Amino acid sequence: MTGNTITLLIIITLLGSDSPQQYIDPFDIIIKNGRILDGLGNPWFIADIGIRDGRIVDIGNLNASSADNVIYADNLYVAPGFIDVHSHASNGLISKELSQAHSLLAQGVTTVVINHDGGGPTNLATQENDLLLHGLGVNVIQLVPHGSVRRQVMGHTDRKPTAIEMDEMKNLVYDGMASGAFGLSSGLFYVPGSFSTTDEIIELAKVVAIFDGIHSSHIRDESDYSIGILAAVEEIIQISLEAEIPSVISHVKTLGPRVWGLSNTLVQQIESARENGLKIYADQYPYTASATSLAFALIPSAALEGGMKTLRKRLNDSEDHSWIREGILNNLDRRGGADRILLRRFSHDDTFEGRSLQEISDSLQTNPADLVIDLIKIGNPDIISFNMLDNDVNLLMQQPWTMTSSDGELVAVGDGYPHPRSFGAFSRKLKKYAIEDGVISLEAAIRSMTSLPAEVFGLHNRGVISRGSIADMAIFDLDRLRDTATYTDPHRFAEGMVHVLINGQFAIEDGDFTNDSLGQILKNRIHKDN
């Protein structure tokens, strides 16, 4: 240490500075005069943030001359980068065209959790290599997909696993967790996850618990398809209890007129479990419409055993055709009718995209159930289903254990009619639900996107603005912040993000994408490579 440096340290100490190191090593970036939302739900406050080597190293009144790059954030809000805890962006991230994840960055999303609803590859190391091939625009967290694990071991059979098959599934889950996954995802509504028993999920969740992982589930029933929504939530609570693992109810909702209003009971059910010491959470996208495939929405689950080829054979059998058609009619009623279902992607005839089943069936002078059968015989269109009630959405959003998610894809502009949540979920929650409608406070909305997901998934040093935290950050103009994607015009980026930082570097700077590959594959803290 030089004599001049020692003298400077003495002067600074006498002046009472609590962080003299900032005067020796320049910051990489200083964010000046931002309205800081720390992610913990506290009111915003004005301060400067100093970033060095990818981390926040100081917060206070900082000397602008001590940084290589100064961002003046007067009247802008500075929040931790948003964490999308339920994303289907993996296929897009693997592609060269979409790997930079512009539609996510435009919402302030810096980290996504993938392989949800029990879907995705079982070999997570291979998926990791695929994700890194073209670089990553955002950080990625992997889950082990139960449905894919079951399919690899048992196919599409509707039965319990043998002891040998159960061991094979446990080994696949263990390998996924050992490679750095953060938990298990299940899709108990979807084939083949719907063929599994509660005990099967408990046994696999116990493997995940070894790694302090979580269980995230598209529950067995969000309506009254089978066991009913309350029994489906109780199943997740039972899994959490017996496997001693935190559980997340994916894209929580009460789906369809038959269960509208049950959100009050659902909240009481989860609160009771939490009061008994269980870590039960939920995630939610801020829309009243969901999205899935036509087959999973309307075809009776029993007809899906064996996969789509077997289903099509059944549809050509007069006896099977009859009961399947009856089930379609029942499911149309369950979802509120054919006018509430919009085709969003159908590769066999794109003129059907963006139109409702009722509109198409009227134009073809056919019954909606018969139209569904005709469509399924040649493909399996993706749909948007308008099936939620505002009061239920609002109540579930207000719960302190509800995280924000998109359940969205990473989609090329012009490709079909994706759900607008893929382009606007996070901006929509902040602008519509927090600022315009007052359903939730701005501070609580930010917490649901940042520190709460970081806590649930065990992301240390992310999700908060504090000294030592990794500098994933969303800096936005609240007056200009808005989602612009609609159901009929979905390919529109959100607006209002001025700067987005990932791991301390700019992914968006002054409103422009830098096109730098700044994202990383994040690993659970006790995976085998640690």
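The values are calculated or read from the model by the stated rules, or taken from the named source; none is laboratory data. Given the structure is predicted, the values throughout are model-derived calculations rather than measurements. Methodologically, a virtual Cβ is constructed for each residue, glycine included, from the backbone with ideal geometry; neighbour enumeration extends over all protein chains shown. With ligands, DNA and RNA removed, areas are computed over all heavy atoms of the protein, side chains included. Shrake-Rupley method; radii C 1.70, N 1.55, O 1.52, S 1.80 Å.
Take the residues of the range 351-378 that are within 18 Å of Ala295 (Cα to Cα) and among the charged types (D, E, K, R): which is modelled with the lowest pLDDT?
Of the residues in the range 351-378, the ones within 18 Å of Ala295 (Cα to Cα) are 352-358, 360-361, 367-378.
Now narrow it down to the ones that are among the charged types (D, E, K, R): 353, 355, 370, 374, 377.
Values: Glu353: 88, Arg355: 93, Asp370: 94, Asp374: 92, Lys377: 92.
Ranking the qualifying residues of the range 351-378, first place goes to Glu353.
Of all residues in the range 192-247, those that are touching a residue at least 60 places away in the same chain (Cβ under 8 Å), in a loop (DSSP other than H, G, I, E, B), in contact with a Phe, Trp or Tyr (Cβ under 8 Å, 6 or more places away or on another chain) and open to solvent by less than 20 Å² (accessible area, probe 1.4 Å) total 1. Screening Ala291 against (1) in a helix (DSSP H, G or I); (2) in contact (Cβ under 8 Å) with a residue 60 or more places away in the chain; (3) under 21 Å from the mean Cα position of the chain (by Cα) leaves a single unmet condition, (1).
Condition test on Leu375, is it in contact (Cβ under 8 Å) with a residue 24 or more places away in the chain and either more than 14 Å from Ala494 (Cβ to Cβ) or of a type in the set (Val, Ile, Thr) (or both)? When the stated conditions are applied, Leu375 passes them. Of all residues in the range 112-165, which are buried (at least 21 other Cβ atoms within 10 Å of the Cβ), farther than 21 Å from Asp283 by Cβ and among the polar types (S, T, N, Q)? Matches in the range 112-165: Thr122, Gln127. When the range 132-171 is filtered for residues that are touching an Asp or Glu at 6+ places or on another chain (Cβ under 8 Å), touching a residue at least 60 places away in the same chain (Cβ under 8 Å) and under 21 Å from Thr197 (Cβ atoms), the ones remaining, listed by number, are His156, Thr157, Asp158. Residues in the range 333-354 that are crowded, with 18+ Cβ neighbours inside 10 Å and under 24 Å from Thr486 (Cβ atoms): Arg335, Gly336, Ala338, Arg340, Ile341, Leu342, Leu343, Arg344, Arg345, Phe346, Phe352, Gly354. Of the residues that sit in the range 74-91 and are of a type in the set (Gly, Ala, Ser) and buried (at least 24 other Cβ atoms within 10 Å of the Cβ), which one is nearest to the chain's Cα centre (by Cα)? Top of the filtered list is Ser87. Going through (1) open to solvent by less than 10 Å² (accessible area, probe 1.4 Å); (2) free of Cβ contacts under 8 Å to residues at least 24 places away in the same chain one by one, Gly438 falls short only on (1). Among the residues of the range 279-310, those that are open to solvent by 20 Å² or more (accessible area, probe 1.4 Å) and over 26 Å from Val112 (Cβ atoms) comprise Pro300, Ser301, Ala302, Glu305, Gly306, Met308, Lys309, Thr310.
Of the residues that sit in the range 505-514 and are within 14 Å of Ala471 (Cβ to Cβ) and either open to solvent by 10 Å² or more (accessible area, probe 1.4 Å) or of a type in the set (D, E, K, R) (or both), which one is farthest from the chain's Cα centre (by Cα)? Among them, the one singled out is Glu509. When each of Phe493, Phe476 is tested for being under 15 Å from Ser427 (Cβ atoms) and open to solvent by less than 10 Å² (accessible area, probe 1.4 Å), the lone residue that passes is Phe476. Please specify each residue of the range 333-354 satisfying the condition of being out of contact with any Gly (no Cβ under 7 Å at 6 or more places or on another chain), within 18 Å of Thr254 (Cβ to Cβ) and of a type outside the set (Asp, Glu). Within the range 333-354, Gly337, Arg340, Ile341 meet the criteria.
Of the candidates Gly34, Gly60, the single residue that is open to solvent by 20 Å² or more (accessible area, probe 1.4 Å), small (Gly, Ala, Ser) and modelled with pLDDT of 95 or more is Gly60.
May I ask you to list the residues in the range 248-278 that are part of a loop (DSSP other than H, G, I, E, B), among the small types (Gly, Ala, Ser) and crowded, with 21+ Cβ neighbours inside 10 Å?
Looking only at the range 248-278, we keep the residues that are part of a loop (DSSP other than H, G, I, E, B), and these are 250-262, 276-278.
Among the residues that remain, those that are also among the small types (Gly, Ala, Ser) are: 250, 256, 261, 277.
Selection gives Ser250, Gly256.
Within the range 379-426, being closer than 20 Å to Leu255 by Cβ, of a type in the set (A, V, I, L, M), open to solvent by 10 Å² or more (accessible area, probe 1.4 Å) and under 19 Å from the mean Cα position of the chain (by Cα) holds for one residue alone: Met388.
In the set (1) within 29 Å of the chain's Cα centre (by Cα); (2) within 20 Å of Val464 (Cβ to Cβ), Ile46 fails one condition alone, (1). Residues that are touching a residue at least 40 places away in the same chain (Cβ under 8 Å), among the polar types (S, T, N, Q) and under 22 Å from Ile446 (Cα atoms) number at least 2 in the following strands (runs of 3 or more DSSP E) confined to the range 23-115: 109-114. Going by the structure shown, is Tyr281 part of a loop (DSSP other than H, G, I, E, B) and not β-branched (Val, Ile, Thr)? So Tyr281 does not fit the description; no.
Of the residues Val498, Val464, which is touching a Ser or Thr at 6+ places or on another chain (Cβ under 9 Å) and either among the β-branched types (Val, Ile, Thr) or open to solvent by 20 Å² or more (accessible area, probe 1.4 Å) (or both)? So that I can check it myself, show each step before the final result.
Numbers: Val498 fails: touching a Ser or Thr at 6+ places or on another chain (Cβ under 9 Å).
Val464 is the lone residue from the list that is touching a Ser or Thr at 6+ places or on another chain (Cβ under 9 Å) and either among the β-branched types (Val, Ile, Thr) or open to solvent by 20 Å² or more (accessible area, probe 1.4 Å) (or both).
Look at (1) surrounded by fewer than 20 Cβ atoms within 10 Å (Cβ to Cβ); (2) part of a helix (DSSP H, G or I); (3) of a type in the set (Lys, Arg) and you find that Lys429 fails only one, number (1).
Determine which member of the set Arg462, Arg480 is under 21 Å from Leu136 (Cα atoms) and in a loop (DSSP other than H, G, I, E, B).
Criteria check complete, one pass: Arg462.
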